[in-house]
Amino acid sequence: QVQLVESGGGLVQAGGSLRLSCVASVTIFDINTMGWFRQAPGKQRELVGRISSGGSTNYADSVKGRFTVSRDNAKNMVYLQMNSLKPEDTAVYYCNLRVWGRDYWGKGTLVTVSS
């Protein structure tokens, strides 16, 4: 059973930075994608950014140039560096692993950006 555990959420002022981390409970040797989604109150969950096991990345237009996804395969970890945060970035952020034809999710970590 794959488990994903996020950390690093919290309260930050607009313009500030946060770094989220996510560790997977197993080592994945197959081709996979890890990344981050978010869900704001009353809205659907949306992609923030993700990175393949080969290092290719893609991002939501709303975070391009501000957020960076990276991973450390040796540590089974994925990170989300968030800079120039805006109040509209406030949401629960979920770590995602896509492998073997299915998605695995963490429980989420809350990011609150105050104006």
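For the reader, a short list of remarks on this structure follows.
- Legend: translational diffusion of segment 2-47 by Stokes-Einstein, Rh = Kirkwood radius over C-alpha pairs, 20 °C, 1.002 mPa s; D = 163 µm²/s.
- Loop-located chymotrypsin sites (Phe, Trp or Tyr not before Pro) in segment 16-60, at most 12 other Cβ atoms within 10 Å (DSSP): PHE29
- When only Cα pairs below 8 angstrom with a gap of at least 6 residues are kept, the chain shows a relative contact order of 37 percent.
- About its Cα centre, segment 6-115 has a charge dipole of approximately 20 debye under the convention of +1 per Lys or Arg Cβ and -1 per Asp or Glu Cβ, with nothing else charged.
- Accessible surface area normalised per residue over segment 5-115 is 54 Å², counting heavy atoms of protein chains with a 1.4 Å rolling probe.
- Dividing the C-alpha radius of gyration of segment 43-115 by 2.2 N^0.38 Å, with N its residue count, gives 1.13.
- Sequence-separation-based contact order of segment 53-97, relative, with Cα cut under 8 Å and 6+ spacing, percent: 27 percent
- Annotation: lysines with alpha-carbon distance below 16 angstrom to LYS43 (same-chain offsets under eight excluded): none found.
- Full-stretch length increase - SER70, GLU46 - with 0.36 nm per residue and alpha-carbon distance subtracted: 6.8 nm
The values are calculated or read from the model by the stated rules, or taken from the named source; none is laboratory data. Just so it is clear, the model here is predicted, and its values are computed rather than measured. Ideal geometry is used to build each Cβ from the backbone, glycine not excepted, and the neighbour counts take in all protein chains shown. Only protein heavy atoms, including side chains, enter the accessible area calculation; ligands, DNA and RNA are left aside. Shrake-Rupley method; radii C 1.70, N 1.55, O 1.52, S 1.80 Å.
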